[in-house]
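The values are calculated or read from the model by the stated rules, or taken from the named source; none is laboratory data. This structure is a prediction, so every number in the text was calculated from the model and none was measured. Don't worry about glycine lacking a Cβ; one is built from the backbone with ideal geometry, like all the others, and counts go over all protein chains shown.
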Amino acid sequence: MTFTTVKNDCIQCVAGQLSLSSNEIVLFRTMIGSALLSMLYLIINKRFTFYRHRRSAFSLVLSGFAMGISWLFLYEAYRQVGVSVASLGYYCGPIIVMALSPILFNEKLTKRMLLCFFAVIVGIVLVDGNAFYESHNFTGIAFALRSAVMYAVMLCLNKKVEGVSGEENATVQLTAAFVTVFMFSAIKQGLHFDIQASDIAPLLALGLLNTGIGCFLYFSSIGGIKVQTVAILGYLEPLSAIIFSFIFLDEQLLVGQIIGAVIIISGALCAELQPKKQMLNK
């Protein structure tokens with residue numbers, strides 16, 4: 001079985017079990033995830049303090065808004081063109097971030113960084129490119145590309161945040177994303193949701209693990225990393241799907257996909273090790 005099918009199986013083992021619409025899935029995953037993080041944060045830290053930093057608070061809320069919109073676009077793309085095609089379009093987000101980093105963050109775009117980034121793009125195409133070229137649903141692809149744009153906005157706004165801890169950052173952004181998706185859903189269909197008993201377990205898994213814990217780990221780590229590095233390391237996501245499918249699903253991989261995986265790892269390591277090498281030379 002190709003990686004396109006494997007990836008579909010891995011993600012849709014949760015989302016595919018749900019009888020809900022794309023915006024309803026995003027609504028409940030953000031609600032459950034934000035509830036988890038809010039509860040844990042208040043138990044440990046007692047109260048929020050992000051509002052004391054006005055500029056950072058504004059960036060956090062806008063970033064959460066962008067994240068909510070990005071997921072709405074992405075899950076609609078999943079519905080229209082499938083996980084593989086939608087994900088490949090979504091991976092254009094880091095390209096946008098890389099292009100904007102010299103302008104917004106004064107990060108020098110070196111030849112080595114560009115080479116690393118190009119290598120990772122080639123790896124992604126080898127891993128998951130066939131499905132994209134075979135798709136003729138341009139509306140679904142457009143949703144994926146819109147999601148990529150909002151991902152880039154979210155990441156750029158995050159780099160403007162200062163004086164806020166990683167756990168508070170994740171909690172505030174995920175809550176803002178939930179409010180955004182809630183307002184969209186209320187306008188689109190009102191507050192009536194037909195949740196089946198079979199939806200509960202997949203929603204909890206998606207909300208608690210993928211959304212709550214996933215956002216906590218992500219936003220707790222990106223604050224001290226160059227935005228270019230964050231962009232490149234984001235491409236390790238499809239690589240992790242390859243590894244998990246091989247370990248847990250006992251799936252075979254095509255030679256081209258294995259080569260693509262090696263290229264992705266090499267490009268990501270090249271980008272990550274460069275600043276460390278420069279530090280040693282100083």
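Considering only residues of the stretch 41-71 that are polar (S, T, N, Q) and assigned to a helix (DSSP H, G or I), which is nearest to Val181 (Cα to Cα)? Let's see the steps before the verdict.
The initial filter retains those residues of the stretch 41-71 that are polar (S, T, N, Q), namely 45, 49, 56, 59, 63, 70.
Narrowing the set further to residues that are assigned to a helix (DSSP H, G or I) leaves 45, 56, 59, 63, 70.
Numbers: Asn45: 27, Ser56: 22, Ser59: 18, Ser63: 13, Ser70: 10 Å.
Per the criteria, the residue is Ser70.
Filter the stretch 147-193 for residues that are acidic (Asp, Glu) and outside any helix (DSSP H, G or I) and give the result.
Matches in the stretch 147-193: Glu162 only.
Looking only at the stretch 65-82, how many residues end up being surrounded by 23 or more Cβ atoms within 10 Å (Cβ to Cβ) and either of a type in the set (Val, Ile, Thr) or under 14 Å from Val149 (Cα atoms) (or both)?
Here the count works out to 10.
Return the total of residues in the stretch 145-176 being of a type in the set (Ser, Thr, Tyr), within 13 Å of the chain's Cα centre (by Cα) and under 20 Å from His53 (Cβ atoms).
Within the stretch 145-176, residues that are of a type in the set (Ser, Thr, Tyr), within 13 Å of the chain's Cα centre (by Cα) and under 20 Å from His53 (Cβ atoms) number 0.
Are there any helices (runs of 4 or more DSSP H) wholly within the stretch 194-282 with 1 or more residues that are under 23 Å from the mean Cα position of the chain (by Cα), surrounded by fewer than 17 Cβ atoms within 10 Å (Cβ to Cβ) and modelled with pLDDT under 80, and if so which?
Qualifying helices (runs of 4 or more DSSP H): 214-221, 236-248, 255-281.
I want to confirm something. Restricting to the stretch 79-109 and keeping residues that are in contact (Cβ under 8 Å) with a residue 12 or more places away in the chain and polar (S, T, N, Q), which single residue is farthest from Val120 (Cα to Cα)?
Gln80
Scanning for something within 30 Å of Tyr51 (Cβ to Cβ), of a type in the set (S, T, N, Q), in contact with a helix residue (DSSP H, G or I) (Cβ under 7 Å, 6 or more places away or on another chain) and at pLDDT 85 or above, does the stretch 123-142 turn up at least one residue?
Checking the stretch 123-142: not a single residue is within 30 Å of Tyr51 (Cβ to Cβ), of a type in the set (S, T, N, Q), in contact with a helix residue (DSSP H, G or I) (Cβ under 7 Å, 6 or more places away or on another chain) and at pLDDT 85 or above.
Which residues, taken from the stretch 138-193, are loosely packed, with under 15 Cβ neighbours inside 10 Å, more than 19 Å from Glu24 (Cβ to Cβ) and free of Cβ contacts under 8 Å to residues at least 60 places away in the same chain?
Phe138, Thr139
Please work out which one of (1) in contact with a Ser or Thr (Cβ under 9 Å, 6 or more places away or on another chain); (2) over 18 Å from Leu157 (Cβ atoms) is the condition Ile124 fails and give its number.
(1)
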